[in-house]
Structure formats: C-alpha cells, structure tokens
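K.L.:
Questions regarding the structure given below will be posed in turn.
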Amino acid sequence: MSDIMAFLGLGSNVGDRQSYLQRAVRALMDVNDLRVVMLSPVYETVPVGYVDQPPFLNAVVAVQTRLSAIRLLAETAAIETSLGRRRSIVWGPRTIDIDILLFGDQVIATPELTVPHPRLRERAFVLLPLAEIAPDLVLPGGNMTVRALAEQVAGRDGVQPFGKLAWGCGEL
Ligand code: X6L
Ligand code: MG
Ligand code: MG
C-alpha cells in the first residue's frame, strides 16, 4: 500500500547491449523497497539526438516502490555507474541509461529530475515498449493513451523488435 508505480526507460548502445539491459534489470531487482513488476520486449532503435553513434537497444521496466522519486534516481544513477556508464559526450554512447519516465501521476520539475521524462511523448523508442506494458496509461496532464501516442510514432523512428529480457537468475 502507498507504493507508487514507476516506469523506467533502459537504453544501451555500447558493448553487449542485451547483457547491459539484463544486468540493469537484475540490479533493479536487488534494490530495497522496490519490486520489478513488468518488463517490455527489447527493441533495436536508430539513435536520436546525437545520431553519429551505434544503434540502441531500448526497453521499459515497470516497478512498484515506496522510495521517493529522488531516492529512486539515486538508485538508478548508482546502477548506471556500477555498469560502467561514463558521461563524456552529452547524448553520446552509453553502456546503460536508466531514465525515470513516469513516477505515478506525479509531475516533478527540479534541477535534478524532470518527470514525466521531457522527450517521452514523441520518442518511439520509449512509447513502443511502454505501450506493450501500459497501453491504457494516460500521462499526467495528457488526454491520449500511451497506445494512441505509440500509434502516432510507430514506424517513424527506426524501432524494431529485438528480443526479450529474462526474469530469473538462472537465465542470466
Ligand atoms: C533535437 C534536439 C532533436 C534534441 C532531438 C532527442 C536529444 C533525444 C536527446 C533531440 C534529442 C535525446 C537514446 C537515443 C539518446 C536511446 C535511441 C535522448 C538522449 N538516447 N536514441 N538517443 N535510444 N534510439 O535510448 O534521448 S540521447
Ligand atoms: Mg538518462
Ligand atoms: Mg535517456
């Protein structure tokens, strides 16, 4: 009770991308006061923003947590660091990126954290995996479902099904 459902965007475009996504999921499962409840399929996606970099794998994970948004951000940042994230080029290649896309229906606008994620509404690499696990969700302040938003961007941004993430340690 009083747990909040949050959606996290995962991205990787360096090294064994699928392995980095999988290790991020496992690390999230090890966070106290947080439960991983849904895993989207994995998509391979053309880079957006800074385009001269390798293709990404992207996925979305739903978690239930009683952490605050800022504590959750500290946890995801620690996982990024533990998986070798280096911040050299802004929007550049990364072993793992973990973004807080949504935190319940909260709207957060602080120097540290902006939720909903600023680029969520138009990014196919986020909307398509999100629509797989939360199609009927309506974003805070919005009026369209994630399914409808995903339909608008489907096929536009070079996003294609790639594979699945595993739940069990035996599969890692
Ligand atoms: C104008 C200005 C147009 C900025 C686009 C878009 C900036 C996206 C940053 C932009 C702009 C981003 C991923 C990615 C990045 C990812 C794929 C970002 C941050 N992360 N491309 N590009 N997947 N496919 O996870 O999202 S850099
Ligand atoms: Mg990020
Ligand atoms: Mg990102």
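The values are calculated or read from the model by the stated rules, or taken from the named source; none is laboratory data. Being a predicted model, the structure only gives us computed values, none of them experimental. FYI the Cβ positions are ideal-geometry reconstructions off the backbone, even for glycines, and counts take in every protein chain you see.
K.L.:
Going through Arg156, Arg119 one at a time, which residue ends up being charged (D, E, K, R), modelled with pLDDT under 95 and within 16 Å of ligand 2 (Cβ to nearest atom)?
P.N.:
Within the list Arg156, Arg119, the selection yields Arg119.
K.L.:
Any residue at all in segment 78-89 that is over 21 Å from Tyr50 (Cβ atoms) and surrounded by 13 or more Cβ atoms within 10 Å (Cβ to Cβ)?
P.N.:
The answer is yes, given that some residue of segment 78-89 is over 21 Å from Tyr50 (Cβ atoms) and surrounded by 13 or more Cβ atoms within 10 Å (Cβ to Cβ).
K.L.:
Consider Glu75 against the criteria (1) assigned to a helix (DSSP H, G or I); (2) under 15 Å from Ala59 (Cβ atoms); (3) charged (D, E, K, R): it satisfies all of them except one. Which criterion is unmet?
P.N.:
(2)
K.L.:
Here is a further query. Please enumerate the residues belonging to segment 61-83 that are of a type in the set (A, V, I, L, M, F, W, C), within 15 Å of ligand 2 (Cβ to nearest atom) and closer than 16 Å to Gly11 by Cα.
P.N.:
Within segment 61-83, Val61, Leu73, Ala77, Ala78, Ile79, Leu83 qualify.
K.L.:
Of the residues Phe125, Phe103, Phe162, only one is away from ligand 3 (no atom under 16 Å from the Cβ) and within 21 Å of Ala24 (Cβ to Cβ); which?
P.N.:
Step by step, each of Phe125, Phe103, Phe162 is checked, and only Phe162 is away from ligand 3 (no atom under 16 Å from the Cβ) and within 21 Å of Ala24 (Cβ to Cβ).
K.L.:
While we're on this one: With the requirement that a residue be part of a strand (DSSP E or B), among the β-branched types (Val, Ile, Thr) and more than 15 Å from ligand 1 (Cβ to nearest atom), what does segment 30-72 give you?
P.N.:
Selection gives Val36, Val37, Val63, Thr65.
K.L.:
Being farther than 19 Å from Gln160 by Cβ and modelled with pLDDT under 95 is the filter; apply it to segment 1-48 and report the residue that is nearest to the chain's Cα centre (by Cα).
P.N.:
Ser2
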